[in-house]
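Here's the structure we're looking at; comments come further down.
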Amino acid sequence: MIEFPDLPNVHALGVMLLTVAALYAFSKDNWLLEVTSLSLLVILVVVFALFPYADFDPVKLFSGFANEALIAVCALMILGQGLVRTGALEPVGRLLGKLWGRAPFLSLLLTLVVGAFLSAFVNNTPIVVLLLPILISVCLRNKSSPAKVLMPMGFATLLGGMATTIGTSTNLLVVNVAADLGLEAFGLFDFALPASIAACVGIVYLWLIAPLLLPERESKLLDPSPRLFNARLLLKENSLVLGKTLGDAIALTGGDMKVVRVRRGETMVMPLPDVVLKAGDRLRVQDTPSNLKKFEEALKAELYSGDTRVDDEHPLAGENQTLAEIAVVQGSSLDRANLSYARFLDRYQLAVLALHRAGKDVWRATEEIHEVILQPGDVLLVQGPKEQLSLLKRSTEFMVLDSSVDLPSSARAPLALGILATVVSMAALGIMPIAIAAVAGCAAMLLTRCLSIGESLRAISPSVYFVVAASLALGMALQVTGATVYLTEVFLYVTAGSPPIVVLSALMLLLAVLTNIVSNNAAAVIGTPIAVGIAQALQLPAEPFVLAVLFGANMSYATPMAYKTNLLVMSAGNYTFREFVKVGVPLTVLMWITLTWLLSVMYL
């Protein structure tokens, strides 16, 4: 009978406690991942510098920044951004848009398959960015609910990402860590067969069952009630604010009135708080109809739209004005910036009416909407002329969610697609490692002007970059101190006497649970050495156990915070946390059972 292992050394215990703290910190969605990761790295190096362990040099903990997997991950993010900026996937989008108008039921299946296939070679974020506007457009045209199809599409891209070593950053990390531990490096398509079979099973579930579990729901952001209007408040002889300052007038409205400008006769007066108001002054204001009427009553002024007095017979009319939803995506000028810093209003002449994050309004009463720091997945409700929205689409800076499919494209789209195809071919044929091929592809994107330097830098997600580097450092500390050996022995003690298939299945399930709570990259880096240790202890091939970690760490279906595209889909579809659990947990169980069987048949 296997005895419970003795406690390891003090350094190993300390690193394990730090690991638990790190996993907890990674699970807090209101804590910036990059800050948490950098803090973890600093704590590690400082502790090992102050309390040395054997002959281990703590400077080695910084080696994750030069790790082959991290270099490849960053390069692949840049290549994916090149496809988005040039509109290289535009023909696929147009074809799917046409098919949806003819056969929605079969088109959903085709969309899921196409999304999964593309995600095997490109980061799934640009795939979701491509497909979200198309699905929302066809749903609005067919008067059906986008909520029925957006989540299945997002999950399909996660399924496809499991198929190749470059499908996700998690795959690259697991493969690289396993190679560092002495295993033969996985080729690009070495585990494509089990992943593809499992993906097919998952896609059938997403096609036939998942839509039945999701509600009929229209997006709350499409409600036209918050529409803003430009109007003028004319101050007559009986107005309450004559002889008072503009600041006093604003105070009478409860501080809600925002004056764009003040016109006095034929001259313009700066709308400063100390401006003294006179009869005949016209205040240019912009707000909702109900608020404008409130301002009119509070000041005892007369409300005009153009030259027409606003009353019951002549209500406010927003000519040539339209509403649209804009999703913030990774690498855009709004990513980790606010509207003021990005000069959004000046550049696009669009008013932002509302801001939603993960289906909730995060615009607090204590701050202006232009001061909120935006994150990928945030959705803005904007209003403005149709021409400006068309300009926004053509800029390829944003994902516009409205009722028209107007995908960006450029003359460099074939170049970007050719560069990516060359990178994949080089890696698949073994001509050069994926890190080298991907970096060369990035250089080609820059030389051919498919991307600018700024766009390529913004394409690199700071959270992914620092999480990967910190996770690699944590994994190194766990291995050097013997903590991974101890954790392996604990796992073997818990599963003692169980058949290999049960041990493998339990390992995959453990990673599947972890990846929905903490960073999938951190879970993968911690889990891979344990998988190798388990295989060695059981005297079995290490490949199926490493793949159990890889597949388990990719099962980011059960919670919206498990993967960044889940948050993007959640905001666009206005899903709740419970709905993610309702659809994602059965998918996780289905993938777990299917992949356990496939790995046992193919490898054990």
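The values are calculated or read from the model by the stated rules, or taken from the named source; none is laboratory data. Since the model is a prediction, treat every value here as computed from it, not as a measurement. Positions of Cβ are backbone-derived with ideal geometry, glycine not excepted, and every protein chain shown enters the neighbour counts.
The table for this structure:
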read-out	value
Pair list, Cβ under 6 Å, 6 or more apart: the range 279-291 residue basic (K, R), other residue in a strand (DSSP E or B)	R282/R232; R282/L234; R282/R263; R284/R232; R284/V260; R284/R261
Failed item in (1) under 28 Å from the mean Cα position of the chain (by Cα); (2) modelled with pLDDT under 90; (3) aliphatic (A, V, I, L, M), with L188 passing the rest	(2)
Filtered residues of the range 419-439 (kept if free of Cβ contacts under 8 Å to residues at least 40 places away in the same chain, among the aliphatic types (A, V, I, L, M) and within 18 Å of T86 (Cα to Cα))	A421
Some residue of the range 116-126 being in contact (Cβ under 8 Å) with a residue 40 or more places away in the chain and farther than 22 Å from A444 by Cα	yes
Only one of A523, A506 that is touching a Ser or Thr at 6+ places or on another chain (Cβ under 9 Å), modelled with pLDDT under 95, more than 25 Å from L212 (Cβ to Cβ) and not assigned by TED's automatic domain parsing to the domain that holds L131	A523
Unique match (being crowded, with 24+ Cβ neighbours inside 10 Å and either hydroxyl-bearing (S, T, Y) or out of contact with any His (no Cβ under 6 Å at 6 or more places or on another chain) (or both)) among V175, V113	V175
Pick from the range 25-41, criterion in a helix (DSSP H, G or I) and under 15 Å from Q375 (Cα atoms), ranking: farthest from the chain's Cα centre (by Cα)	V35
Qualifying residue in the range 67-82 (condition: at positive phi, at pLDDT below 95 and not in a helix (DSSP H, G or I))	no
Which listed residue is surrounded by 23 or more Cβ atoms within 10 Å (Cβ to Cβ), more than 20 Å from A470 (Cβ to Cβ) and within 29 Å of the chain's Cα centre (by Cα), from S519, S571	S571
Enumeration of residues in the range 261-288 that are exposed (fewer than 15 other Cβ atoms within 10 Å of the Cβ), of a type outside the set (G, A, S) and part of a loop (DSSP other than H, G, I, E, B)	E266, M270, L272, P273, D274
Per-region count, the range 28-42, residues surrounded by fewer than 18 Cβ atoms within 10 Å (Cβ to Cβ), in contact (Cβ under 8 Å) with a residue 60 or more places away in the chain and small (G, A, S)	0
Condition met for R336 (among the charged types (D, E, K, R) and modelled with pLDDT of 80 or more)	no
The range 525-569: number of residues that are within 18 Å of N124 (Cα to Cα) and in a helix (DSSP H, G or I)	13
Options L472, L457, L420, L451; residue that is surrounded by fewer than 16 Cβ atoms within 10 Å (Cβ to Cβ), at pLDDT below 95 and within 23 Å of the chain's Cα centre (by Cα)	L457
Among (1) more than 19 Å from A438 (Cα to Cα); (2) buried (at least 24 other Cβ atoms within 10 Å of the Cβ); (3) not hydroxyl-bearing (S, T, Y), the one test that L99 misses	(2)
Filter pass, F577 being among the aromatic types (F, W, Y) and within 22 Å of the chain's Cα centre (by Cα)	yes
Residue pairs meeting the criteria (Cβ under 7 Å; at least 6 apart or on separate chains; first assigned by TED's automatic domain parsing to the domain that holds E297 and within 9 Å of F295 (Cα to Cα), in the range 249-261; second small (G, A, S) and part of a helix (DSSP H, G or I))	L252/A298; T253/A298
